[in-house]
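Working notes for the structure below.
Every number here is computed from the coordinates shown, using simple stated rules; none is lab data. Keep in mind the model is a prediction, meaning the values are calculated, not measured. We place every Cβ from the backbone using ideal geometry, glycine too, and count neighbours over all the protein chains shown.
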C-alpha cells in the first residue's frame, strides 16, 4: 500500500507479540519504522518465552524491546507502551504544527 494512502503510517504503530507467528510482523514493523515489543510469560520456570524474546532482540535484531506480558499499571510493559504512545503523539503534533507553519498541509481526501 502506498504510504500516502495508508490510514495509519508505520511510524505511528506499536505491535506487541508473544510468539513465533509474530516474527513476520516484527520484521515488517522494524523495516518500516514502527515499534515492536516481544512479550513473554514471566511465570514460566523454564523461561522458554523469555529465551525466544531475548533471541529476537539480541541476536535476530527483530525487536528493540522485550517485557513480561503484564499490562497492569506501573509494569515494565505498561511503561514502555505509555512512553511509546506519548512520543508518537508528540511527534505527530510537531509534524502537523510544522506543516501548518510552512504551509505544506495536505488537502483533504474525499
Computed FRET efficiency, Cβ-Cβ of residue 75 and residue 25, R0 22 Å: what is it to the nearest 0.05?
0.50
Cα-based Kirkwood hydrodynamic radius, the range 10-102, one decimal, Å:
14.2
Taking Cα pairs closer than 8 Å and at least 6 residues apart, the relative contact order of the range 10-102 in percent is 23
